[in-house]
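Okay, so here's the structure we're looking at.
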């Protein structure tokens, strides 16, 4: 759907929202087999039309310099045949997951004979705002429809051609298999005021999810009349404990920081126990040298690393999304925990230790959506954790936290069965 000549921006946004509401009501009665058929055929069609998707992506890449994108942002924007096939595989993985809609969460029979069922139901309509990630277009649409929700996609202008190519494929398949075509809609205007109009439509839209920079998220939180699922940034930590296997720790830190730097679950801050710092940090400097990592360190770790700069206070809470990492030496486990809870973003934090009681205390006291033990922070990802894909990683505590997959896009209702019961 595009902005017609006779439309104002306000009427266009209202029309999209109303159509999504109608589609969400139609989705409620759609069998899981139809939704799965749509997902599988979307995956197949993406593979068949990979050339069309890559051509659309080429146009976006040509325009990347116009938008002054960083190298990390261009990497997130870029598609290849392999990445398109991964998108298709992600949709097939979602199809293979159990349908959460209609799931019986719990049930009981009251003393008076009333039978209560608490069942899982869709949220309704999701307004999803995101930047420069064409793969997210397919992931979000797939998760939304599988969980019975209609979705309005407001992608960044940087990926406009790529997102349009993907949504067009998904809508054409929807028409073929009996899924409402308005279950997946892409906002076809770059006017920033459109976001404000959608955020005022709480009578039609049930949840807003912003996925992008802190400025975008704070704008959505301040303007939205409906609930917002969010995370502001991903300042992820790893603490290398006195009981850590140092070779294992080198491998994990390298992967967490360098496997893909421009993502929210990449390592940004490293803490090292004083007893192992003199051995571990020089080895780490050598290991990370090929990646040109700039260390921003406290005085003690700066002497051991022999490169980088002394950290400023702001460095401890920074999400770099690139080849920069803050490093600090700590005296004990509790000092590491205190540092993470003070400066962290509540996204993903990990510990390297072979001591069970230490790992348990860390996991209990660190206040994050995900805590990893002896593993890379990069595993806090919907696909890696068995959710098929995700619509985002929430650092909220209500109503969902961590990777948000199918169940996180549902709520529940009570169904009460009686036999002519009346209340006395």
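Tabulated values for the structure
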quantity	calculated
Computed lengthening from residue 71 to residue 407, 0.36 nm per intervening residue step minus Cα-Cα distance	117.6 nm
Mean separation of Cα contacts under 8 Å, 6 or more apart, over the residue count of the chain: relative contact order %	18
Average silhouette area of the range 140-239, convex hull of alpha-carbon atoms, in square nanometres	8.1
Values of log10 I(q)/I(0), in the order q = 0.16, 0.19, 0.28, 0.30 Å⁻¹, for the range 376-417 under a Debye, Cα-only, solvent-free model	-0.45, -0.58, -0.97, -1.05
Order of 230, 257 - criterion: other Cβ atoms within 10 Å of each residue's Cβ, fewest first	230, 257
Segment residue 81-residue 357, extension gain: residue separation times 0.36 nm, minus the distance between their alpha carbons	94.8 nm
Alpha carbon Rg of the range 338-424, scaled by the compact-globule rule 2.2 N^0.38 Å	1.56
Sites residue 364 and residue 59, calculated FRET efficiency, Cβ-Cβ separation with R0 60 Å, nearest 0.05	0.75
Simple label model, 7 Å out from Cα along Cβ direction - residue 306 to residue 89, nm	4.2
Helix 214-223 vs. the chain, principal-axis angle (Cα, 0 to 90°, nearest 10)	40
The chain: angle of helix 134-146 to the longest principal axis, Cα-based, in degrees nearest 10	50
Length-normalised contact order for the range 60-206 - Cα pairs under 8 Å, 6+ apart - percent	23
Fully extended contour minus Cα-Cα distance, from residue 25 to residue 48, at 0.36 nm per residue	5.2 nm
Förster radius 60 Å - calculated FRET efficiency between residue 423 and residue 275 (Cβ-Cβ, nearest 0.05)	0.35
Fewest-first sequence of 243, 399 by Cβ atoms within 10 Å of each Cβ	399, 243
Residue-averaged 222 nm ellipticity for the chain, from DSSP H runs of 4+ at -39500 (n - 2.57), nearest 500	-13000 deg cm²/dmol
With Cα atoms, 0 to 90° folded angle of helix 81-96 axis to the chain main axis	60
Rounded if a/c under 1.5, otherwise prolate or oblate - the range 236-379, Cα gyration tensor axes	rounded
Kirkwood hydrodynamic radius (C-alpha pairs) into Stokes-Einstein, the chain, 20 °C and 1.002 mPa s, D in µm²/s	93
Residue exposure sequence - 414, 232, 239, 67 - by fewest surrounding Cβ within 10 Å	414, 67, 232, 239
Selected from 326, 314, 359 as most flexible by GNM, with the chain as the system and alpha-carbon contacts under 10 Å	314
R0 of 45 Å, Cβ-Cβ distance residue 332-residue 218: FRET efficiency to nearest 0.05	0.80
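Every number here is computed from the coordinates shown, using simple stated rules; none is lab data. Keep in mind it's a predicted model, so treat the numbers as computed, not measured. Glycine also receives a Cβ, built like all others from the backbone with ideal geometry; neighbour counts cover every protein chain displayed.
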